[in-house]
Amino acid sequence: MFRRKKKEEATEQPPSPETVSEAVAPEPRGPEAETGAGVEASTAVEAPAAETAGTAEATSESAPASEVRKGDRGNRVQKVGIVFSDKMQKTVVVRVDRLVLHTKYRRYVRRMTKFKAHDELGASVGDRVRIVETRPLSAQKRWRVVEILQKAAK
């Protein structure tokens, strides 16, 4: 099965933290290294141009990329599905269908998942809606209806 390592064999050891930090973050070289303000100098050059434009959007672009804006919550997962049930108050059950490749037979199989979503828009059964993930609103509700894509035919 497994053989034991002989004492002569060298064992692979993970690199020390000093070598990892040097490899990940090399020190800047060139004119920026002497001033010590590589990124700050480039944003300072862009700031006067943003002021001449006179728009709020231009001033937000001059901010560093690592800074997160207050209203930005990242890319949330969005799904499109059909409203399956609307019997609860301000909650709908949305059925999302997806195709999955079967591992053995290599055919596509339809899978269905039901999500409970918070609904302020008043979606009814049969409507095609877009839902987005959000913080837990109840024990089972973690989604919110963003828009109604297509109303149900009656």
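Quick notes
- Checking every one of the chymotrypsin sites (Phe, Trp or Tyr not before Pro) in region 87-154 against DSSP loop status and a limit of 16 other Cβ atoms within 10 Å picks out Tyr105.
- Estimated inter-spin distance, Gln150 and Arg106, nm [label 7 Å along Cα→Cβ]: 3.2
- Rg/Rg_globular for region 78-150, with Rg_globular taken as 2.2 N^0.38 Å and Rg from C-alpha atoms: 1.20
Rule-based calculations on the coordinates, nothing more; no lab input. Everything numeric here is computed off the predicted structure, so don't read it as measured data. Don't worry about glycine lacking a Cβ; one is built from the backbone with ideal geometry, like all the others, and counts go over all protein chains shown.
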